[in-house]
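Below is one structure, written out as structure tokens; the observations come after it.
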Amino acid sequence: MANKLEQVNKALKKKFGSKKLVFGQGFESAKVVFVTDPPTPLEENENKPISGNSEKSLNKLLRLAGLDKKKVYITNVVKYTTPGRVHTSKEVKSSVPFLKEEIRTIQPIVVVTLGNIALTGIGLRQPLVNVRGKTFNFGSYELLPTHHPESITKNPGLQPELEADFLKLKNLLKTIKERPIEA
């Protein structure tokens, strides 16, 4: 599997070689993949898909959901930063095939999108406010959209929503585990 992810990363380098890329990190057989918005300059400097206060918030939320950070995979919808501006829809669209291949390689049972750009990139064309905390079947996995952890530093009122979504993730994983395997 690592070889397959390396192939995805090589293809990304070939397509976006002029940019400093931040690749996904974590457990390559993860049951849960977190797809977050494009990296910030700090995340680019640290070469991590999520860092700083966002990472601290995410770590607390992972504990709330009963998840070990070493057992999840975290990636960005777009693997590079565009200082001073938001990525265009064309830039997001050009990164989506790589994201989908990354998810296909890992084969998670749940994908959690963190933020609006991640939600759009995964293919759900709805405002986050309309779909946050709801689950959607995406064929091989369940999708759970929620806020980016950074959002609570700007709007602390979103903390209860994020916590509720991670508790929902915990229950979703328990429910999936308890389902009988279809013959």
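The values are calculated or read from the model by the stated rules, or taken from the named source; none is laboratory data. Quick caveat, the model's predicted, so the values are computed rather than measured. Here Cβ is always computed from backbone atoms with ideal geometry, including for glycine, and neighbour counts include all displayed protein chains.
Quick notes on this one:
- In the range 17-26, the residues that are over 28 Å from LYS70 (Cβ atoms) and either buried (at least 18 other Cβ atoms within 10 Å of the Cβ) or in contact (Cβ under 8 Å) with a residue 40 or more places away in the chain (or both): LYS19
- Residues satisfying the stated conditions in the range 102-118, i.e. of a type outside the set (Ser, Thr, Tyr) and under 9 Å from the mean Cα position of the chain (by Cα): VAL111, VAL112, LEU114, GLY115, ALA118
- Each residue in the range 117-141 was checked for being in contact with an Asp or Glu (Cβ under 7 Å, 6 or more places away or on another chain) and among the polar types (S, T, N, Q), and 1 of them qualify.
- Selection count where residues are more than 16 Å from ASP37 (Cα to Cα) and basic (Lys, Arg), scope the range 103-131: 1
- Conditions (1) surrounded by 14 or more Cβ atoms within 10 Å (Cβ to Cβ); (2) on the phi < 0 side of the Ramachandran plot: number failed by PRO160: (1)
- Residue selected from the range 136-183 under the condition assigned to a loop (DSSP other than H, G, I, E, B) and at pLDDT 90 or above, by the criterion farthest from ILE122 (Cα to Cα): ASN155
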